[in-house]
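The values are calculated or read from the model by the stated rules, or taken from the named source; none is laboratory data. All of these numbers come straight from a predicted model, not from anything done at the bench. Cβ placement follows ideal geometry from the backbone for every residue including glycine, while neighbour counts extend to all protein chains displayed.
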């Protein structure tokens, strides 16, 4: 026989269950956060967005943001190119300098700076070299002095006391001014009193884009 306390306990349990039932029915479900689905490739695997790199340049200003800078070409490389030019004349063989020439060479002597194909310039040099034996009689060191060579960037030209800026000179180009130490040997005229080279960058090197000799009138 159940006692009064036993009946009271059962009554309290039934009351508690009845009170909790509505709360369980109204309780929150599983919460999921909505998000945009990742971009998928053809095989269904998410693909990370591809970021594009800025175009390489030689210099940058403070407000340019993200910039890809190219490693500068050393002055030693430019001076080595100048020496190869005179070595070609000394050897009387344009093949020494031909790999350093651009496809088209601008004539820096003309006002319009007309361009000629590389093969045409090389043929003229070959005829000039083969027709003057004095080139091989004169050592390279006697043709020019490296300490006299001037290398100018585009923005440095056109000012008083400086060389004129070639019309065809672009951003990143260099103008090299080479005073000739021995332009003549006896009656043979080897060079003008000054040679100018317009150099244009090609990857990690420069190529001769323009050539001109200053001959006194």
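Numbers for the structure displayed
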{"quantity": "The range 82-99: number of residues that are under 24 Å from residue 189 (Cβ atoms) and under 27 Å from the mean Cα position of the chain (by Cα)", "calculated": "8"}
{"quantity": "Number of the condition not met by residue 106 [criteria: (1) closer than 14 Å to residue 85 by Cβ; (2) touching a residue at least 60 places away in the same chain (Cβ under 8 Å)]", "calculated": "(1)"}
{"quantity": "Residue check for residue 94: crowded, with 18+ Cβ neighbours inside 10 Å, closer than 20 Å to residue 81 by Cβ and free of Cβ contacts under 8 Å to residues at least 40 places away in the same chain", "calculated": "yes"}
{"quantity": "The range 131-180: number of residues that are under 22 Å from residue 74 (Cβ atoms) and out of contact with any strand residue (DSSP E or B) (no Cβ under 9 Å at 6 or more places or on another chain)", "calculated": "5"}
{"quantity": "Residue 105, sole failed condition from (1) within 23 Å of the chain's Cα centre (by Cα); (2) over 19 Å from residue 208 (Cα atoms)", "calculated": "(2)"}
{"quantity": "Single condition residue 201 does not satisfy, out of (1) at pLDDT 95 or above; (2) closer than 28 Å to residue 92 by Cβ", "calculated": "(2)"}
